[in-house]
Structure formats: structure tokens, C-alpha cells
Amino acid sequence: MKSPLLSLPGAVPAEGRDEGVAGHYGDLFREQRALAGGTGLVDLSHRGIVTVTGDDRLAWLHLLLTQHVSGLAPGQATEALILSANGHIEHALYLVDDGDTVWMHVEPDTQGELIAYLESMKFFYRVEVADRTDSFGVVHLPAGSIAEAPGGVAVRETPHGRDLFLPRADLEAYAAAHGPAAGILAYEALRIESHRPRVGFETDHRTIPHELGWIGTAVHLQKGCYRGQETVARVHNLGKPPRRLVFLHLDGSEVLLPGHGTPVRLAADGPEGRQLGFITTSARHHELGPIALALVKRNVAVDAELMAGDTAAAQETVVEP
């Protein structure tokens, strides 16, 4: 779905999974600095929006999600996962309950698959699931922003900022009043800096929550049964995940950033060495320079010098080996 904010001056459309919103508005680093300083907003209206209403909504979601939500207070933000039967990550949900409705946003174009699963699990529960993507869009306000949310709008407030579920008809007026707008590339650079994983970028078909540091933030270890829980409990209690997320400082002399899927190897082994992982997301940061997240084998030494394709990379630990 194409955002109306693509009509703003300087807007350059994003590509790939984030198609439909602006990648930037002409000055990537200025936009990053604005967000880091608590000003401006990010158009995330390409993300899917799903709502759940009904008296049983929290009790029902509690049975399906990795997070403890049965007693979720109105206005309290949380995040949760839906796993496969084998414990692999299928969806990441970013939720808030406004007292009557659970609002959640998910990766672009995944809401249909999510809704199909939720509908299949309704049984006798008093819940209604709806796709609200056509009528609402997410706008992100960075941490420290003093912009006000319109009355009656659902808001997810987290340490990284606030997500507003705005009517699509109000997006342009809100951006005009509370801009300047920053593109998704600036938002992604700050996401990488804060080591926050994203489904479809930091995940593949076999990723489990432990590999990305989602235990505790999106997975509650003391709640009841949900699909995939056996894998979560077994790895937590008896073993270690096969891979771990790392943060990389990339060689700034390279012109091109290593893209998603670029092989990661030990620098000492050279470009023909054994692949130990892959780049998940990379960006140019206004202070740190080229940075990336990568998923590597758990036994890679935390102080090992790495190569991302032909680019030298120094690692920082995100998930302990």
C-alpha cells in the first residue's frame, strides 16, 4: 500500500520489504540525527495492522502467544511471537490494548497469514479478528519526542519511542504538524544500533527466539503452553541455541554495504574460508559509520575478527555464546 507521505518534498521510495513508504527524504544522516535527538516521525504505514476485540481477547491471545498477556493493562506496550510447532519464529507482533481492543502491527503483507492462523484458533472464544491495514497506518515518534498523540488513538509507548495507530486519512495532516518526516532507512539504522531483531531480516526458516535475544522481551518463560513452547523450554533449560546474533562495525573504506545474506567468515581464513554465518541487515549510521547485524554460529569466538563478504568486520556480542 502506497503511503500518502511519499508526496512530501524529497521523498525517495524504499525498496524491497519496505516498499510503500519513503526510504529517505533527501538527507539520510540529518534524518537519523533528528530521530536520535527526539524530533520528527517515521512513516511505518506499510506495516500490517490487526485488531482483536471481544471479552476473551487477552485470555485467548495468552494461549497463542509467547508473551504473558492475560493481565495486560490498558496502554501497556508489549511484543510477542508466534512460533511453529518446532519453535521456529513465524511472526513478531507489537501490541497494545486500549481497554476495548488489542492493536498490533506486524511485518508488511504478513497480516493475511497471521489472521488466517488466528481465525483457525478461535474455537468458542468470544473474539473478533480484523485486518485494519486499509484504514489505519503506524507512525513512529522517537524516544524523547514531545509530539502529542490525537485523542482516541491507540499508542504503544516503549523505550525506543511511540507507535501511533492513526487513521490513514489523518497521516498527511499529522506529518505536517509534527514532522519533519524521516525515512525508513534512518529508522533501520537506529534499530540496528540498538540490536533489535526484525522478522524476515534477522530470521530465516529455522530461527528460534534464543538466537536473537528475544527471551524475556518477547518470550515469557513462566507462562503456560503455546505452540513451540517445548523447543523454547528445552533450549533454555538444557542447551544452547545453534546460532547467535552479533553487531558488526564494518570497514568504512568500502563503497558498498554487504547486503542481506552476505556470507560471514573468519578474517584469518580469507574469502575462501568456511562460512560461519550471514549478514541480516546493514546500514550507514550517522556516528558509527557502516554497521550491521549478523547471525553466526554460536561457537564463533567473541573476539574473532570477521569478514562480511570482502568487508572487514569487528563484532560486538548481542547474544552470549
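Determine how large the accessible area of R206 is when every protein chain is in place; take a 1.4 Å probe and give Å² rounded to the nearest 10.
120 Å²
Give the span of segment 201-321's Cα atoms along each principal axis, as three whole-Å numbers ordered largest to smallest.
Sorted from largest, the Cα extents of segment 201-321 read 50, 31, 24 Å.
Using a basic spin-label model with each label point 7 Å from the Cα along Cα→Cβ, how many nm lie between D27 and Q222?
Label-label distance for D27 and Q222, simple model: 4.9 nm.
Describe numerically, in nm with one decimal, the distance between label points set 7 Å from Cα along Cα→Cβ at R206 and at N237.
2.5 nm
Count charges around D100 for me, please; just the other residues with Cβ under 12 Å from its Cβ, Lys/Arg as +1, Asp/Glu as -1. Each step should come with its number before you reach the end.
Working: positive: R57; negative: D55, D97, D98, E128.
Surrounding charge for D100 is -3.
Provide the per-residue ³J(HN,Hα) series for segment 35-45, in order, calculated from phi with Karplus coefficients 6.51, -1.76, 1.60 and θ = phi - 60°, each as a whole number of Hz, with x at glycine and proline positions.
Listing the rounded values in order: 5, 4, x, x, 10, x, 8, 10, 7, 10, 6 Hz.
Starting from the Cα of D109, step 7 Å along the direction of its Cβ; do the same at A130; then give the gap between the two resulting points in nm.
2.6 nm
Go ahead and collect, in residue order, the members of segment 147-166 whose backbone nitrogen is under 15 Å from a label point 7 Å along the Cα-Cβ direction of D98.
Answer for this model: 149-157, 163-166.
Apply the Karplus parameterisation 6.51 cos²θ - 1.76 cosθ + 1.60, with θ equal to phi minus 60°, to every residue of segment 93-108 and state each ³J(HN,Hα) to the nearest whole Hz, in sequence, with x for glycine and proline.
Result, rounded to whole Hz: 10, 10, 10, 7, 10, 9, x, 10, 9, 8, 9, 9, 10, 9, 4, x.
What number does the chain give for Rg over Rh if you use C-alpha atoms and the Kirkwood radius? Intermediate values should be presented prior to the final figure.
Values: Rg = 19.9 Å, Rh = 20.5 Å.
Ratio of gyration radius to Kirkwood radius for the chain: 0.97.
Amide H of T133 versus every other amide H placed in the peptide plane: which residues, excluding those fewer than 5 positions away on the same chain, fall under 5 Å?
Correct list: I49.
Assuming R0 = 22 Å, what is the FRET efficiency of E172 and E15, from their Cβ-Cβ distance, to the nearest 0.05? Mind dumping the intermediate values first?
Values: r = 23 Å, r/R0 = 1.03.
Given R0 = 22 Å and the Cβ-Cβ separation, E is 0.45.
Along each of its three principal axes, how wide is the spread of alpha-carbon positions in segment 87-243, in whole angstrom units, largest first?
53, 42, 26 Å, listed from the longest principal axis down.
Taking the Cβ of E119 as the center, what net charge do the other residues with Cβ under 12 Å away carry, scoring Lys and Arg +1 and Asp and Glu -1? Walk me through the numbers on the way to the answer.
On the way: positive: K122; negative: E113, E128, D131.
Here the count lands on -2.
What order, most packed first, do the peptides 139-146, 208-215, 275-282 have when packing is the mean number of other Cβ atoms within 10 Å of each residue?
208-215, 275-282, 139-146
Arrange the residues K240, K122 by how much accessible surface each exposes, largest first, with a 1.4 angstrom probe. Kindly include the intermediate steps, with their values, before the conclusion.
Details: K240 120, K122 35 Å².
Putting K240, K122 in descending order of accessible area: K240, K122.
Can you tell me the alpha carbon radius of gyration of segment 43-125 divided by the globular rule-of-thumb value 2.2 N^0.38 Å?
Numbers: Rg = 12.2 Å, N = 83, 2.2 N^0.38 = 11.8 Å.
With N residues counted in segment 43-125, Rg over 2.2 N^0.38 Å equals 1.03.
Taking the Cα centre of the chain as origin, work out the dipole magnitude from +1 charges on Lys and Arg Cβ and -1 charges on Asp and Glu Cβ, in debye rounded to 20. The partial results should precede the final answer.
Working: 27 positive and 41 negative charges, 147 e Å.
With only Lys, Arg, Asp and Glu charged at Cβ, the dipole is about 700 debye.
Sorted by packing (mean other beta-carbon atoms within 10 Å per residue), highest first, where do 299-308, 42-51 land?
Working: 299-308: 16.0, 42-51: 23.4.
For the peptides 299-308, 42-51, the packing ranking is 42-51, 299-308.
The values are calculated or read from the model by the stated rules, or taken from the named source; none is laboratory data. Fair warning: this is a prediction, and the values are worked out from it, not measured in the lab. All Cβ positions, glycine included, derive from the backbone under ideal geometry; neighbour counts span all protein chains shown. Each accessible area value is taken on the protein alone, full model and side chains, heavy atoms only, with ligands, DNA and RNA left out. Shrake-Rupley method; radii C 1.70, N 1.55, O 1.52, S 1.80 Å.
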